[in-house]
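> Starting off with a structure, shown below.
What follows is calculated from the coordinates using simple rules that are stated; it is not laboratory data. Note that the structure is a prediction, hence the values are computed from the model and not measured. Ideal geometry is used to build each Cβ from the backbone, glycine not excepted, and the neighbour counts take in all protein chains shown.
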Amino acid sequence: MSDEFKMENVQAETGEVSQEESMADVKFLKKGDIVTGKIVKVEADQVIVDVGYKYDGVIPARELSNVSVDNPAESLQEGQEVELKVVTIDDNKEKLVLSKRAVDSEKAWEKLAADMENKTILEAKVAEVVKGGLVVDIGLRGFVPASMVERNFVEDFSDYKGRTLRLRVKEMDREKNKVILSQKDVLDEEFEAKKQEVLSSIQVGQELTGTVQRLTQFGAFVDIGGVDGLVHISEMAWHHVETPSEVVKEGDQVKVKVLKVDPANERISLSIKATEPGPWEKVKGEIQTGDIVTGTVKRLVQFGAFVEVYPGVEGLVHVSQIAHRHVATPFEVLKEGQEVKVKVLDMNPDEKRISLSIKETEEAPAREPRQDRAPRKDAQAQEENQGLSLTLGERFGDKLSKFK
């Protein structure tokens with residue numbers, strides 16, 4: 001038996017395959033090929049992959065994704081099948097470099113073009129926080145400018161890494177490898193839809209709980225479930241308010257009443273004070289007719305002074321009730337902001353009217369004693385009357401006797 005025949009029998013018995021036969025089963029690869037491989041091992045800076053070639057290939061960390069990857073094990077696991085592109089192949093050095101990033105990018109560009117046309121909402125995780133915005137992984141490197149992240153201004157994005165954003169493609173340029181996305185567009189559309197829903201359902205007189213969003217010189221804007229309504233400064237409290245910050249601050253939860261709804265102009269007028277008892281309701285049990293209270297002069301007019309006797313409640317002191325002596329105008333004896341004691345002469349909370357008196361809280365000055373000349377005037381008048389009587393008698397006496 002020949003040695004060659006013996007060898008063939010040994011190979012047949014042991015199951016060994018000749019070099020020619022084994023080489024025939026090995027894939028033929030070249031640079032640029034797309035292959036499917038199974039992950040053998042995940043290391044800190046690379047991933048080992050079996051693609052059915054005569055030796056395993058590696059995916060360097062830089063070829064895993066279009067965004068920075070801190071830990072490959074977070075996105076890939078052993079046994080997972082992945083589609084890869086051959087970047088470098090060198091049989092002499094048994095070097096096979098593969099790229100997952102290249103395959104993902106190719107697919108991502110095609111998908112993004114369709115998503116942009118269809119205005120599809122994408123979900124992507126923030127991979128990096130960089131100057132001017134956020135980097136997201138959408139199969140390739142996507143950029144969300146700072147002004148397109150939220151509806152409101154965000155000063156610090158440091159806690160955004162790892163967050164999942166809902167995005168829409170704004171701009172893409174494959175030649176420059178640039179993709180701009182926006183979450184603000186998605187949020188704006190949702191806000192407008194919510195606004196229309198609220199505007200169509202809200203009713204005048206309805207009481208709601210809202211959140212103060214921002215303050216202005218003329219009032220506060222309150223979110224009442226997806227839409228902002230304005231509480232004018234005059235509707236913030238029953239007492240006079242100089243600035244909205246006296247009553248509320250941003251983030252406060254407040255109860256409001258709907259005063260007016262204008263769907264055409266998307267405006268809602270709200271009131272905080274309308275949800276609370278008015279000062280004229282509160283004062284009913286606090287002040288009665290005949291009470292003497294301390295108040296503050298709020299306004300002076302020609303016919304009197306308006307004095308605040310309870311927060312938000314003003315009564316009138318008529319000019320005739322200011323002092324026991326004659327007062328031509330209130331400005332002679334009073335000034336705005338002055339504290340005075342007043343007596344309640346009449347009170348009608350239902351008509352929001354209180355009559356007050358200052359002079360009734362003070363003792364009237366003593367009257368001047370009568371002078372002696374007064375009786376003399378009376379005597380003189382009597383004498384004059386008697387004189388007049390005698391004169392008439394003398395003048396008409398004779399004629400009167402004839403009638404007798």
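> Given contacts defined as C-alpha pairs under 8 Å and at least six residues apart, what's the relative contact order of segment 283-361, whole-number percent?
Working: 169 pairs, mean separation 27.4, N = 79.
Worked out over segment 283-361, it gives 35 percent.
> Just give me a number: lysine pairs in segment 29-102, eight or more positions apart or cross-chain, with C-alpha atoms less than 13 Å apart.
Working: Lys30/Lys85; Lys30/Lys95; Lys31/Lys85; Lys31/Lys95; Lys38/Lys100; Lys54/Lys93; Lys54/Lys95; Lys85/Lys100.
The number of close lysine pairs in segment 29-102 is 8.
> Assigning unit charges at the beta carbon (Lys, Arg +1; Asp, Glu -1) and nothing else, what dipole magnitude in debye, to the nearest 20, does segment 112-197 show about its Cα centre?
Values: 16 positive and 18 negative charges, 42 e Å.
For this selection, approximately 200 debye.
> Let me ask something else about it. Please report Rg (one decimal) and Dmax (integer) in Å for the Cα set of segment 283-361.
Answer for segment 283-361, Rg first and Dmax second: 11.5, 35 Å.
> Just subtract the alpha-carbon distance of Lys255 and Lys125 from 0.36 nm times their residue separation and send over the number in nm, one decimal. Intermediate results must be reported in sequence, preceding the final value.
Values: separation 130, 0.36 × 130 = 46.80 nm, distance 3.76 nm.
Taking Lys255 through Lys125 to full extension adds about 43.0 nm, to one decimal.
> Now for a different question. From the gyration tensor of the Cα coordinates in segment 139-295, what semi-axes in whole Å does the equivalent ellipsoid have, largest first, with each one equal to sqrt(5λ)?
Numbers: eigenvalues 420, 61, 25 Å².
Result for segment 139-295: semi-axes of 46, 17, 11 Å.
> Which of the three applies to segment 247-331, rounded, prolate or oblate, going by the alpha-carbon gyration tensor with a ≥ b ≥ c and a/c under 1.5 meaning rounded?
On the way: a/c = 3.31, a/b = 2.19, b/c = 1.51.
Note, shape of segment 247-331 comes out prolate.
> Can you give me the Kirkwood hydrodynamic radius for segment 203-349, using every pair of distinct Cα atoms, in Å to one decimal?
Numbers: mean 1/r = 0.0570 Å⁻¹.
Over segment 203-349, the inverse of the mean reciprocal pair distance is 17.6 Å.
> Restricting things to alpha carbons, find the Rg to Rh ratio for segment 157-200 using the Kirkwood radius for Rh. Kindly include the intermediate steps, with their values, before the conclusion.
On the way: Rg = 14.7 Å, Rh = 12.7 Å.
Rg/Rh: 1.16.
> While we're looking at this one, here's another question. How many percent of Cα pairs in segment 119-187 exceed 17 Å?
Numbers: 769 of 2346 pairs.
Percentage above 17 Å: 33.
> With the alpha-carbon atoms as the only input, what is the per residue convex hull volume for segment 203-275 in Å³? Please list the in-between numbers first.
Numbers: hull volume 5.6 nm³, N = 73.
Normalising the Cα hull of segment 203-275 by residue number yields 76 Å³.
> Another question, then. Would you mind ranking Asp188, Asp56 by Cβ crowding within 10 Å, fewest neighbours first? Don't skip to the answer; put the middle values down first.
Values: Asp188 12, Asp56 16.
Arranged by neighbour count, lowest to highest, Asp188, Asp56 become Asp188, Asp56.
> Give me the number: length gained by fully extending Thr209 to Glu281, i.e. 0.36 nm times residue separation minus the C-alpha to C-alpha distance, one decimal in nm.
Numbers: separation 72, 0.36 × 72 = 25.92 nm, distance 2.32 nm.
The Thr209-Glu281 span can extend by a further 23.6 nm.
> Okay, next question. Provide, in order from the shortest bin, the percent of all Cα-Cα pairs of segment 82-143 in each 5 Å bin, continuing until the bin that contains the maximum pair distance.
4, 15, 17, 19, 16, 12, 7, 6, 3, 1
> Starting from a Cα-only point model with no solvent, please compute log10 I(q)/I(0) by Debye for segment 29-102 at q = 0.12, 0.23, 0.27 1/Å.
Summing over Cα pairs of segment 29-102 leads to -0.27, -1.00, -1.35.
> Could you name the lysines in cross-link range of Lys194, using Cα to Cα under 30 Å and dropping any fewer than eight places away on the same chain?
Counting by Cα, and skipping residues close in sequence, Lys194 has these lysines nearby: Lys111, Lys119, Lys125, Lys161, Lys170, Lys184, Lys249, Lys255, Lys257, Lys260, Lys273.
> Round to the nearest 0.05 the FRET efficiency obtained for Ser201 and Glu171 when R0 = 60 Å and r is the Cβ-Cβ distance.
Values: r = 37 Å, r/R0 = 0.61.
My answer for the efficiency is 0.95.
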